[in-house]
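The values are calculated or read from the model by the stated rules, or taken from the named source; none is laboratory data. Keep in mind it's a predicted model, so treat the numbers as computed, not measured. Quick reminder, even Gly has a Cβ in these numbers, built from the backbone with ideal geometry, and neighbours come from all protein chains shown. SASA here: full protein model, heavy atoms, side chains in, ligands and nucleic acids out. Shrake-Rupley method; radii C 1.70, N 1.55, O 1.52, S 1.80 Å.
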Amino acid sequence: MDSTVLRWFPPLRAAWAPVGKQAEVLITGENAKRTLWGAINPRTGHRVVATSQRGQQEDFMAFLRQLRLAYPGRPVLLLLDQASCHTAQRSQALAARLDIHLLWLPKQRPELNAMDHVWRALKLHISANRQYPSVDDHIDAAVLWVLSLTPIQALRKAGILAEGFWLWDLLENFWLPT
């Protein structure tokens, strides 16, 4: 699981301008943002996605509740980074009450997080060089894109189907039913 911030004015990765002239990029000075939360099941490609105004502890806890609803009656092993909203005592206590087992990625290793790879593809295809009428339109397009991927497409974008994907060895030790 991972979260990412989407902004009303996303990154400009390409622009046309006459040779020798600086491209003109108009902006309003405001840049609203939303947080997109997501988790992917590495065996099935099923995704759970949520949005929030911010990316704070309460928002993460709401995502935990949504994740629990998506997988009722089964233990959930959640692999995530050590962001402060994840490591907070209230977040960890809620995860324990919901029977969600938190497994921590090493610090500063985003390449190990499958959802981080999905976010990278999302920002390339949905965010970069596009101006939506509002930040809410942007987040709606992002959620639609993530959820419209087929399970195989999602697993490929997450890097899970890559030969030698590091997580398979770990999953063999913690194999949980789907």
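Considering only alpha-carbon pairs that sit under 8 angstrom and 6 or more positions apart, the relative contact order computed for segment 1-144 is 32 percent.
Solvent exposure of the chain amounts to 59 Å² per residue of accessible area, where only protein heavy atoms count and the probe is 1.4 Å. For SER148 and ALA23, a Förster radius of 45 Å and the Cβ-Cβ distance give a FRET efficiency of 0.90, rounded to the nearest 0.05. When all protein chains stay in place and ligands, DNA and RNA are ignored, the 1.4 Å accessible-area order of SER148, SER52, largest first, is SER148, SER52. Taken one residue at a time, the phi angles of segment 67-81 give Karplus couplings (6.51, -1.76, 1.60, θ = phi - 60°) of 4, 4, 5, 6, 10, x, x, 10, x, 10, 9, 10, 9, 8, 7 Hz. Gly and Pro are set to x.
Rounded to the nearest 500, what is the chain's calculated 222 nm mean residue ellipticity when only DSSP H runs of at least 4 contribute -39500 (n - 2.57) each, over all residues? After summing the helix terms and dividing by the residues of the chain, the value is -10000 deg cm²/dmol.
Karplus-derived 3J(HN,Hα) values for segment 51-61, using 6.51 cos²θ - 1.76 cosθ + 1.60 with θ = phi - 60°, are 10, 8, 5, 10, x, 9, 4, 4, 5, 5, 5 Hz; glycine and proline are entered as x.
Here the Karplus curve 6.51 cos²θ - 1.76 cosθ + 1.60, taken at θ = phi - 60°, turns the phi angles of segment 36-50 into couplings of 10, 9, x, 9, 10, 7, x, 8, 10, x, 5, 10, 10, 10, 9 Hz, with x standing for Gly and Pro. For the residues VAL5, VAL48, a 1.4 Å probe over the protein chains yields an accessible-area ranking, largest first, of VAL5, VAL48. Using a probe of 1.4 Å on the protein chains alone, the accessible area found for ASP140 is around 100 Å². Amide H to amide H distances under 5 Å link LEU149 with no residue, where only residues 5 or more positions off or on other chains count and H is placed in the peptide plane. State the percentage of accessible surface on the chain attributable to carbon and sulfur atoms; use a 1.4 Å probe and exclude ligands, DNA and RNA. That fraction is 55 percent.
Summarising the amide proton neighbourhood of ALA32: residues at separation of 5 or more, or on other chains, whose placed amide H is nearer than 5 Å comprise TRP8, PHE9.
Taking all protein chains as shown and a probe of 1.4 angstrom, LYS123 keeps an accessible surface of around 50 Å².
The H on the amide N of LEU77, modeled in the peptide plane, is under 5 Å from the matching H of HIS101, each at least 5 residues off or on a different chain.
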